[in-house]
Amino acid sequence: MELFTQVEQWFGPVWPLVWSLVKIVAIVLPLLLAVAYLTFAERKIIGYIQVRVGPNRVGPKGWLQPIADALKLMTKEIIIPTGSNKFLFLLAPILSIMPALAAWAVIPFDPNLVLANVNASLLYVMAITSMGVYGVIIAGWASNSKYAFLGSLRSAAQIVSYEIAMGFALVGVLMMAHSLNLVDIVRQQQSGWGLVSWNFIPLFPMFMVYLISGVAETNRAPFDVAEGESEIVAGFHVEYSGMAFAVFFLAEYANMILVATMTALMFLGGWLSPIPGIPDGFPWLLGKIAFVLFLFLWFRATFPRYRYDQIMRLGWKVFIPVTLVWLIVIGGWMQTPLWLWK
Amino acid sequence: MSFQTAVFYAFSLILVLAALRVITARNPVHAALFLVLAFVTAAGIWMLLEAEFLAITLVLVYVGAVMVLFLFVVMMLDINLDRLKEGYWDYLVPAGVVAVVMLGEMAAVLVGKQLGAEAMPAPSPKPETYSNTKELGKLIYTEYVYPFEIAAVILLVAIVAAIALTLRRRKDTKYVDPAAQVLVRRSDRLRIVSMPAEVAAPAAPPEKAAP
C-alpha cells in the first residue's frame with residue numbers, strides 16, 4: 001500500500017490519467033487473450049462436434065495455436081487493392097474494433113468492479129455497439145470490390161434490422177429494473193431465491209430474441225450472409241490480409257464476448273449465484289459468459305446459413321412483434337398482484 | 001482556461017471543420033462520413049452540458065441508424081460530379097437568402113437579451129445519483145404527454161405513408177408462405193409403398209480384368 005501511494009505521488013497531477021490507463025489495460029489485455037482462446041475453443045469444439053480433433057499440433061494439445069496464428073497474421077503483408085480508398089481502407093478495421101473495446105468501459109464484473117459506473121450504461125453500450133457497423137460498411141466500399149460491397153450492404157441492412165428487436169428486448173429489462181445502470185439491473189435480480197429471480201424467466205421471449213439477435217448482430221452463423229463464402233467469397237473483408245484482417249477477426253470475437261456478457265448481466269443474473277447459500281462473485285459471471293459463448297459455437301456447428309429474405313422476415317415479422325406483445329403483457333402483469341418478481 | 005473549456009473548443013473546431021467538409025467534399029460518401037463525424041462531435045458537446053441522454057440518443061439514432069441507411073443509399077448511387085455543379089449559379093441567390101435568414105436567426109439567439117448567453121446559464125453540476133433519463137421521461141410522459149403522443153402519431157403516419165407510396169408489388173415475384181412451409185408433413189410429399197421382393201437378386205456379373 002505504501003508503494004502504491006509513493007507511485008501516486010511520483011506521477012503527481014497526471015495520476016488520474018495514468019490510473020485510468022492502467023485500469024483500461026487491465027480490462028483490454030484479458031479480453032484480447034480471451035478472444036485469442038475463443039478462436040481456439042471454437043475450432044476445438046466444432047471439431048469435436050464434427051468428430052474431428054481440431055488443432056493439436058502447436059504446443060501441448062494445440063494450446064499455442066492462437067499465438068502461432070497471431071504471429072503469422074502479424075508478419076503477413078497488408079495488400080491494398082488498386083483503386084481502393086487507402087485511408088478509408090485502413091480506417092475500417094479500426095472503426096470495427098473501437099466500439100467492440102470501448103463498450104467494455106461500463107461493463108460491471110462485480111458490484112464494485114466497474115471502470116465507469118454511469119447511470120445510462122445500458123444506453124451507452126447500445127449506442128457504442130451500433131457504431132460497429134461502420135467498420136463493415138466502409139470496408140466494403142473502400143475495397144473497390146463488388147463482393148466486398150455486396151457483403152457490406154447485406155450486413156448493414158441486417159444489423160440495422162436486428163438492432164430494433166434488440167432495443168425492444170432491452171426495454172423489458174428496463175421495466176424490470178427501473179434503471180439503465182447495469183449494476184442496478186443485476187442487483188434487481190437478487191432476491192435470495194437464486195436462479196428463479198433472474199430476468200430470463202419473466203422475460204423469456206425477450207431473452208430468446210436478444211440471444212438470437214446477438215448472433216445476428218455479430219454476423220455469426222447462421223446469420224453470416226455478410227461473409228457468405230459460397231456466394232460472395234468472404235464478404236466485406238475479402239480484400240483484407242494480414243493484420244488488417246486480424247483486426248476484423250478480433251472485433252468479431254470481442255463483440256461475441258460482449259453480447260454474451262450483456263446476456264449474462266441482463267437475463268442470467270450476472271455475478272449472482274444460481275443456488276441460494278453459495279456466495280455470489282465474478283466466477284459465476286465468467287461461467288455464464290462461457291455458457292452463452294458455447295451456445296454461439298454450438299449454433300455455428302448445427303444450423304445451415306439462413307437465406308437473406310428469411311433473415312429479414314425473422315427480424316421484422318417475428319422478433320419485433322414478439323417483443324412488442326411481450327412488452328404489453330409484462331406491463332399489464334406488473335400491475336396485477338400475480339406479479340411474482342419484486 | 002479549464003479543461004472542460006479546452007475540450008469544448010476542440011470539439012467545436014472539429015464540428016465546424018467536419019460540417020464544412022460535408023458541403024465541400026467532392027465525394028458524396030466522404031461527405032456522409034464527415035456528417036457522421038459532425039454528429040459524434042455534437043454528441044460530445046452535449047455530453048459536456050451534462051445532457052447524457054440526448055447525447056447518447058443522438059449517437060444511437062443518427063449515427064447508428066439514420067446515417068447507416070444514408071450511406072447505404074449514397075454508396076449505391078452513381079453520381080456524376082460534373083452534373084452536380086451545373087445549376088450552381090442559379091441556386092446561389094435563393095441559397096444565399098436562406099443562409100442570411102439562418103445567420104440572422106442564430107445571431108438573434110446568441111446575441112439577443114432574452115435568449116443570449118447571459119439568459120441561459122450553464123447547468124449547475126448535479127449529484128451523482130441524478131438521472132437525466134428519468135427526469136426527461138417524467139416530463140415527457142406527464143407534463144408534455146399530449147404533444148409527445150401527437151408527434152409519435154405523426155411519425156407513425158409518415159412511416160405508413162412512406163411505405164405505402166413506395167411499395168410496388170411485382171407480379172412475377174415468387175413468394176413463399178413460411179407458415180405453409182412449416183405445416184408440411186411428410187405424408188403430404190412422400191408416399192412409402194410397401195413392395196414385396198418378387199425376384200431374387202441376380203448374381204453379380206463376373207469381374208472384368210482391368211484394361
Worksheet entry | Options A:Ser121, A:Ser143, A:Ser130: the member that is under 23 Å from B:Leu54 (Cβ atoms), more than 9 Å from every other protein chain (Cβ to nearest Cβ) and at pLDDT 80 or above | A:Ser121
Item to complete: Within the range A:184-198, identify whether any single residue is crowded, with 19+ Cβ neighbours inside 10 Å, within 14 Å of chain B (Cβ to nearest Cβ) and β-branched (Val, Ile, Thr), and answer yes or no.
Response: yes
Worksheet entry | Residue ID - modelled with the lowest pLDDT, chosen from residues in the range B:129-178 that are closer than 30 Å to A:Ala116 by Cβ and of a type in the set (Lys, Arg) | B:Lys134
Worksheet item: Of the numbered conditions (1) at the interface with chain A (Cβ under 7 Å from one of its Cβ atoms); (2) without any contact (Cβ under 8 Å) to a residue 40 or more places away in the chain, B:Phe53 satisfies every one except a single condition; which is it?
Response: (2)
Fill in: So A:Asn112, is it at positive phi and either more than 13 Å from chain B (Cβ to nearest Cβ) or assigned to a loop (DSSP other than H, G, I, E, B) (or both)
no
Practice prompt. Give the residues of the range B:59-75 that are over 17 Å from A:Gly132 (Cβ atoms) and within 9 Å of another protein chain (Cβ to nearest Cβ), sorted by residue number.
Written response: B:Met75
Discussion item. Considering only the range A:134-148, I want to know if a residue exists there that is closer than 30 Å to A:Trp271 by Cβ and hydrophobic (A, V, I, L, M, F, W, C).
Written reply: no
Worksheet item: What is the residue count in the range A:1-47 for residues that are free of Cβ contacts under 8 Å to residues at least 24 places away in the same chain and within 30 Å of A:Gly62 (Cα to Cα)?
Response: 8
Worksheet item: Of all residues in the range A:303-324, which are touching a residue at least 60 places away in the same chain (Cβ under 8 Å) and among the β-branched types (Val, Ile, Thr)?
Response: A:Ile311, A:Ile320, A:Val322, A:Thr323
Discussion item. Looking at the range B:25-40, I want the residues that are closer than 27 Å to A:Tyr124 by Cα and have a partner that is of a type in the set (Gly, Ala, Ser) with Cβ atoms under 7 Å, at least 6 apart or on another chain. Which pairs are those?
Written reply: B:Ala31/B:Ala25; B:Phe34/B:Ala18; B:Phe34/B:Ala25; B:Leu37/B:Ala18; B:Ala38/B:Ala18; B:Ala38/B:Ala19
Worksheet item: Going by the conditions given, is A:Leu95 under 30 Å from A:Val125 (Cα atoms), surrounded by 18 or more Cβ atoms within 10 Å (Cβ to Cβ) and at pLDDT 90 or above?
Response: no
Discussion item. Looking only at the range B:1-31, filter to residues that are over 18 Å from B:Met75 (Cα atoms) and assigned to a loop (DSSP other than H, G, I, E, B); which one of those is nearest to the chain's Cα centre (by Cα)?
Written reply: B:Ser2
Response to the item:
If we keep only residues of the range A:146-179 that are modelled with pLDDT under 85 and among the β-branched types (Val, Ile, Thr), then the residue farthest from A:Phe223 (Cα to Cα) is A:Val160
Item to complete: Output the qualifying pairs, or none if there are none: Cβ atoms under 6 angstrom, residues six or more apart or on different chains, first residue in the range A:201-227 and closer than 22 Å to A:Tyr134 by Cα, second residue among the charged types (D, E, K, R).
Response: A:Ala221/A:Arg300; A:Pro222/A:Arg305; A:Val225/A:Arg154; A:Ala226/A:Arg154
Worksheet item: When you scan the range A:149-180, how many residues do you find that are over 18 Å from the mean Cα position of the chain (by Cα) and at the interface with another protein chain (Cβ under 9 Å from one of its Cβ atoms)?
Response: 7
Worksheet item: Can you find even one residue in the range A:5-19 that is on the phi > 0 side of the Ramachandran plot and surrounded by 15 or more Cβ atoms within 10 Å (Cβ to Cβ)?
Response: no
Discussion item. Out of the residues in the range A:36-57 meeting the condition of being buried (at least 16 other Cβ atoms within 10 Å of the Cβ) and not in a helix (DSSP H, G or I), tell me which one is modelled with the highest pLDDT.
Written reply: A:Pro55
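The values are calculated or read from the model by the stated rules, or taken from the named source; none is laboratory data. These numbers were taken from a predicted model, which means no experiment stands behind them. Please note: Cβ atoms are built from the backbone with ideal geometry, for glycine as well, and neighbour counts cover all protein chains shown.
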